[in-house]
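Okay, structure first, notes after.
The values are calculated or read from the model by the stated rules, or taken from the named source; none is laboratory data. Every value quoted in this text rests on a predicted model; they were computed, and no experiment measured them. Positions of Cβ are backbone-derived with ideal geometry, glycine not excepted, and every protein chain shown enters the neighbour counts.
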Amino acid sequence: MEAQSAAQKPQSVSTAVNLLWASLAVGLVKMLMDFVHLSGMAPAAFTNFVLVFTFALIGFLIFKISAGKNWARITFLVLFIIGVLPTIPIMLGECSRSAVLGALSVAQVGLQAYALFLLFSQPGAGWFRKVVPA
C-alpha cells in the first residue's frame, strides 16, 4: 500500500502542471496580441520558427513534468532562471505598448514562479524522487 501511495501524483504537482499550461495559454494570447511587433523584429519565417519551437518545447516539458520526469522539472527551472532577468526590460516595453500585454506578462511570470515553487517544495519534490520498486 505504501508503494502505491508514493506513486500517486500529489495535488500540488497537478496544480503546478495546470498553472504551467495556463502560463503557456497566456503566452499564446500575448503572442497573438503582439504579433505585429514580434514579426517586425526579424524575418517572418524566423519569427514563426522561434515561436513554434518555443511553444513546442515548453509544452513538451510540461507534459514530461506531469509524467514525473525530474530532468524536465530541472530543465524548466534552468530556463526560467535564464529567462527571468532579460524578461524585465521586455515587460517594460510591453507595458508601454499595452497595459493588458504588460499585465499578462506579469501574470505569466507569476504563474511559472508559483508552479516552480510547488514543484520544488514538498510533497511535489519528493514525488519526483520516487523510488521505483525492483
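Checked against the criterion of being over 19 Å from Lys9 (Cβ atoms), loosely packed, with under 12 Cβ neighbours inside 10 Å and modelled with pLDDT of 90 or more, the candidates Ile58, Ile82, Ile88 yield just one match: Ile82. Checked against the criterion of being at pLDDT 95 or above and crowded, with 17+ Cβ neighbours inside 10 Å, region 27-40 has no qualifying residue. The single condition among (1) loosely packed, with under 15 Cβ neighbours inside 10 Å; (2) in a helix (DSSP H, G or I) that Gly102 does not satisfy is (1).
Checked against (1) surrounded by fewer than 16 Cβ atoms within 10 Å (Cβ to Cβ); (2) within 27 Å of Phe117 (Cβ to Cβ); (3) among the charged types (D, E, K, R), Glu94 passes all but condition (1).
Just one of Gln108, Gln112 is over 24 Å from Gln8 (Cα atoms), in contact with a helix residue (DSSP H, G or I) (Cβ under 9 Å, 6 or more places away or on another chain) and modelled with pLDDT of 90 or more; which is it?
Going through Gln108, Gln112 in turn, the sole match is Gln108.
Inspect all residues belonging to region 46-55 and state whether any of them is crowded, with 16+ Cβ neighbours inside 10 Å, assigned to a helix (DSSP H, G or I), of a type in the set (A, V, I, L, M, F, W, C) and modelled with pLDDT under 95. Within region 46-55, one or more residues are crowded, with 16+ Cβ neighbours inside 10 Å, assigned to a helix (DSSP H, G or I), of a type in the set (A, V, I, L, M, F, W, C) and modelled with pLDDT under 95.
The C-beta contact set for region 105-131 (first residue under 14 Å from Val84 (Cβ atoms) and surrounded by 13 or more Cβ atoms within 10 Å (Cβ to Cβ), second residue modelled with pLDDT under 95 and among the basic types (Lys, Arg), distance under 9 angstrom, 6+ apart or interchain) comprises Ser105/Lys30; Gln108/Lys30.
Of the residues making up region 115-134, those that are at pLDDT below 90 and aliphatic (A, V, I, L, M) are Val131, Val132, Ala134. One residue stands out among those in region 61-73 that are assigned to a helix (DSSP H, G or I) and loosely packed, with under 15 Cβ neighbours inside 10 Å: the one that is nearest to the chain's Cα centre (by Cα), which is Phe63.
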